[in-house]
């Protein structure tokens with residue numbers, strides 16, 4: 001790799017700015033292009049969810065570039081979900097059992113500013129704002145931009161696209177070298193941002209929780225902000241009897257919230273006015289292949305694998321992309337970009353597909369099943385198995401959020417097996433108090449634990465387990 005040849009990064013959001021730092025720290029020349037004005041100059045035009053949940057994978061990446069401590073100063077730890085029922089009663093469900101097993105609410109804008117400032121501090125980085133990428137001519141190795149009314153074309157020999165779910169570079173790639181596989185699944189639900197203000201600079205609800213109002217086919221969530229407020233998001237079908245289409249007047253909005261979210265409604269003054277002021281956002285899952293063309297172009301982050309936000313892993317997955325690319329550069333410093341891009345694609349594609357599937361499944365869990373007694377019993381049993389067999393049984397959420405050493409793909413496959421085990425256990429008991437009545441010998445056939453009932457005391461391999469189910 002010739003480090004004197006600049007790498008052009010398209011998209012100065014979270015993933016693009018983090019990747020710029022990784023590459024700059026490895027002495028590459030980096031040119032970062034962002035379509036928006038410089039957000040550090042007060043031009044905050046983002047029309048996306050303004051709060052994010054950062055967990056272990058994202059924290060690992062931030063630690064690697066030396067920004068974790070600064071980032072956590074901007075964040076609020078959330079220890080679990082606070083469930084709100086129709087009668088305004090609440091129930092807290094912990095995310096994990098260890099003190100460190102928390103996720104953090106952080107402002108997308110504030111985190112982006114932190115990353116951009118760090119990226120700009122390197123002499124080998126040039127950041128260009130107000131540069132909207134129009135197309136990339138792969139054959140000619142040229143990038144075209146629109147800056148105000150001016151069209152600009154530049155030579156580009158190594159381009160990395162971190163330009164989000166609507167990626168211009170992905171569309172350019174698809175037109176010039178069609179994907180072998182490509183899908184963009186738009187969720188039938190949209191979302192709308194709302195706001196619960198602070199009361200005398202204090203939080204009006206529990207600050208160390210992600211609040212959820214699950215209502216079967218729709219839900220409301222709220223994440224805490226440093227100023228004592230909460231960012232609230234309504235996830236609702238776009239069409240139907242209960243939908244955004246059905247909320248056309250202030251009276252309809254007020255009646256809807258009073259009926260389904262009575263306690264939250266009391267905390268949001270001027271609710272209807274705020275509701276109509278904010279746009280309806282859309283959510284899409286993007287799966288494509290390949291992600292790269294030789295040594296010319298690589299897609300990363302949402303540009304290659306956008307996912308719905310219900311596992312809080314979109315940013316974390318994109319940050320993990322950056323971390324793994326940096327690790328490959330460190331491990332193979334003499335290998336060219338074509339081979340590095342190929343290796344990264346092979347590593348990340350199965351994992352990004354897995355978290356995309358799990359994110360959608362978590363949407364169903366959050367809105368539909370989280371209040372179901374059978375679901376709650378399975379959760380309790382899962383936690384108990386984790387206590388009894390530490391390191392050998394880890395619930396799906398914990399594998400994804402707190403164990404970056406476990407790949408998304410492995411977490412998905414392992415959790416499918418564990419779910420069958422939990423179903424079998426919970427079929428035999430009606431409460432967590434009955435767990436000790438279980439005959440633990442049959443548990444061994446699932447190969448989840450090293451115990452005396454397995455041949456020669458060894459855990460069965462995953463292929464063996466799958467063949468038995």
Checklist outcome for this item: Within segment 303-344, the count of residues that are over 24 Å from the mean Cα position of the chain (by Cα) and over 19 Å from residue 163 (Cβ atoms) comes to 11
Checklist outcome for this item: Wholly inside segment 1-86, strands (runs of 3 or more DSSP E) that include 1 or more residues that are without any contact (Cβ under 8 Å) to a residue 24 or more places away in the chain and farther than 25 Å from residue 295 by Cβ are none
Checklist entry - Identify, please: which residue in segment 107-126 is assigned to a helix (DSSP H, G or I) and without any contact (Cβ under 8 Å) to a residue 60 or more places away in the chain and is, among those, surrounded by the most Cβ atoms within 10 Å (Cβ to Cβ)? => result 114
Checklist entry - Just one of 196, 160, 154, 138 is under 21 Å from the mean Cα position of the chain (by Cα), over 22 Å from residue 308 (Cβ atoms) and surrounded by 13 or more Cβ atoms within 10 Å (Cβ to Cβ); which is it? => result 160
Checklist entry - Can you find a residue in segment 197-209 that is in a strand (DSSP E or B), out of contact with any helix residue (DSSP H, G or I) (no Cβ under 7 Å at 6 or more places or on another chain) and not assigned by TED's automatic domain parsing to the domain that holds residue 13? => result yes
Checklist entry - Can you find even one residue in segment 171-190 that is closer than 23 Å to residue 10 by Cα, touching a helix residue (DSSP H, G or I) at 6+ places or on another chain (Cβ under 9 Å) and in a loop (DSSP other than H, G, I, E, B)? => result yes
Checklist entry - What's the number of the condition residue 282 fails, among (1) in contact with a helix residue (DSSP H, G or I) (Cβ under 7 Å, 6 or more places away or on another chain); (2) closer than 26 Å to residue 244 by Cβ? => result (1)
Next on the checklist: One residue is enough: does segment 344-353 have a residue meeting the conditions more than 27 Å from residue 429 (Cβ to Cβ) and free of Cβ contacts under 8 Å to residues at least 24 places away in the same chain?
Outcome noted: yes
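Conditions (1) surrounded by fewer than 16 Cβ atoms within 10 Å (Cβ to Cβ); (2) in contact (Cβ under 8 Å) with a residue 60 or more places away in the chain; (3) in the same structural domain as residue 56 (by TED's automatic domain parsing), marked per residue:
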residue	(1), (2), (3)
328	no, no, yes
336	yes, yes, yes
390	yes, no, no
415	no, no, no
Next on the checklist: Show me the helices (runs of 4 or more DSSP H) found entirely inside segment 210-313 where at least 3 residues are modelled with pLDDT of 95 or more and not assigned by TED's automatic domain parsing to the domain that holds residue 350.
Outcome noted: 250-260, 262-265, 271-277
Item to check | Sole exception among (1) out of contact with any helix residue (DSSP H, G or I) (no Cβ under 7 Å at 6 or more places or on another chain); (2) outside the structural domain of residue 293 (by TED's automatic domain parsing); (3) touching a residue at least 40 places away in the same chain (Cβ under 8 Å); (4) part of a loop (DSSP other than H, G, I, E, B) for residue 130, by number | outcome: (2)
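The values are calculated or read from the model by the stated rules, or taken from the named source; none is laboratory data. Please read these numbers as outputs of a predicted model, since none were measured by experiment. Because the Cβ atoms are built from the backbone with ideal geometry, glycine has one as well, and the counts that use them run over all protein chains shown.
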